[in-house]
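Contents: one structure, followed by commentary.
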Amino acid sequence: MPAVVGVGVQWGDEGKGKVVDILAEHADIVVRYQGGNNAGHTLVVGDEKTVLHQVPSGVLHDGKICVIGNGVVVDPAALLEEIDALRGRGYLEDESLLKISDRAHLIMPYHRAIDQARERLRGEGRIGTTGRGIGPTYEDKMARIGLRFADLLEEATFAEALRRVLEEKNAYLRTMLGEQALDYVRISDQYARLRERLAPHVIDAGVFLDRSLAAGRRVLFEGAQGTMLDVDHGTYPYVTSSNTTAAAACTGGGIAPNRISCVVGITKAYTTRVGSGPFPTELLDAVGEKLQRDGEEFGATTGRPRRCGWFDAVVARHAVRLNGLTGLAVTKLDVLTGMKTVRVCVAYELDGKRVEEVPASIAAFNAVRPVYEDFPGWEEPLSRARSLDDLPQTVRRYLTAIEELTGTPIFMVSVGARRQDTIILQNAFNA
Ligand code: IMP
């Protein structure tokens with residue numbers, strides 16, 4: 001009953017889509033377990049680029065079951081658009097392969113309106129959210145006023161709950177945020193149409209996954225965002241509103257912790273982040289610009305340019321500890337080609353003292369200075385490499401340093417956007 005979890009080590013955008021797509025070949029079922037359509041997983045098959053926001057990355061493989069778990073917040077209109085776009089390109093011909101947990105919460109129009117209005121009002125202090133309504137939806141879940149797919153399927157329950165909640169949301173939108181009130185009938189009609197289309201996908205996903213695992217099926221859990229955006233363990237408050245770490249595969253998938261057999265941490269060979277918040281190894285110079293240009297570092301969901309910097313081993317060790325990483329998938333190694341020197345942050349310095357852990361205080365995290373170890377760079381293009389032997393000695397030395405600094409073996413190295421531009425050292429399903 002192997003259950004493999006793939007999680008982001010950094011601030012999201014580590015290339016999880018590609019890694020999960022490759023691992024999905026060995027899985028029967030692929031599950032998203034947190035986040036929502038704030039995520040953007042880019043996959044390149046042949047010459048075709050697909051960006052997925054809510055549908056698990058297994059969808060590009062024939063016959064894989066894709067599950068949206070209870071921990072995900074789902075924008076049903078955006079999900080339908082994604083399903084239709086996928087079908088238009090020949091994927092998901094059998095729609096029954098996509099399953100949605102009856103306990104997953106719905107993103108409602110007022111969630112998006114609140115998210116966007118708050119960000120506008122915050123001005124300089126904005127979090128830099130994706131504006132998709134993710135935070136307000138999780139707030140309502142915890143406040144126990146959220147609407148779930150199970151509620152959507154019960155017309156009367158949904159109508160009553162929506163009426164009650166909308167009254168409160170409209171008062172908040174008008175008086176606190178200076179926004180227009182939203183119309184009940186419009187939302188109710190829209191969600192009635194969505195109910196009809198999405199109802200066939202709704203199941204008790206926890207029971208389904210537990211039975212599937214007991215029957216020996218291979219399940220892959222696909223994380224969204226990254227460890228540093230975890231609401232508990234990330235750079236709070238510059239985080240997303242869910243737990244992004246591996247434990248969320250259990251709470252957000254509806255399976256027990258002892259089901260998980262392997263956790264793969266996906267990390268870029270350097271670091272990027274979108275949105276505000278601390279980023280000790282950020283490069284605000286020509287090197288950062290080169291990473292942004294060569295790595296095409298623009299957000300898959302919002303198109304925003306990503307902030308770029310060196311690999312941060314303090315962050316990586318934080319992720320190893322929190323996720324219990326079994327192995328690493330190092331992505332975008334090819335982007336470092338052409339650097340004279342490649343730097344790795346091995347620790348921080350704060351007030352003259354060496355710091356080995358990620359501080360909770362945002363002021364402290366903003367104030368730390370990276371302590372770097374330098375490695376010789378390389379000029380060789382790497383995208384043709386299919387084994388470690390194909391890599392120059394300098395590159396292998398860099399990879400060994402990452403393994404040593406994190407105490408974690410590398411399972412996979414990505415040297416280009418396409419599926420085949422990958423060096424596979426260990427199959428996570430056999431680890
Ligand atoms: P939210 O998840 O839209 O509330 O945004 C909160 C923070 O998480 C912002 O800094 C976003 O840019 C960031 N974020 C959310 N989803 C992703 C993602 O998939 N990749 C990278 N950053 C993300």
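Read-outs: derived from the displayed coordinates by stated rules, not from any lab. Computed from a prediction, not measured in an experiment: that's the story for all the values here. Here Cβ is always computed from backbone atoms with ideal geometry, including for glycine, and neighbour counts include all displayed protein chains.
Take every Cα pair under 8 Å whose residues are at least 6 apart in sequence, average their separation, divide by the length of the chain, and the relative contact order is 21 percent. Shape call for the range 105-198 from the C-alpha gyration tensor, a ≥ b ≥ c root eigenvalues: rounded (a/c under 1.5), prolate (a/b greater than b/c) or oblate? Verdict is prolate for the range 105-198. Summing +1 for each Lys or Arg and -1 for each Asp or Glu among the other residues whose beta-carbon sits under 12 angstrom from that of VAL395 gives -3.
Loop-located trypsin sites (Lys or Arg not before Pro) in the range 298-380 (DSSP state other than H, G, I, E, B) with a sparse environment of at most 12 neighbouring Cβ atoms within 10 Å: LYS340. Largest GNM mean-square fluctuation among GLN116, GLN420, GLN393, using the chain with Cα springs under 10 Å: GLN393. Oblate is the label for the range 297-348, because a/c, from the alpha-carbon gyration tensor with a ≥ b ≥ c as root eigenvalues, is 1.5 or above and a/b does not exceed b/c.
Here the ratio of the Cα radius of gyration of the chain to 2.2 N^0.38 Å is 0.97.
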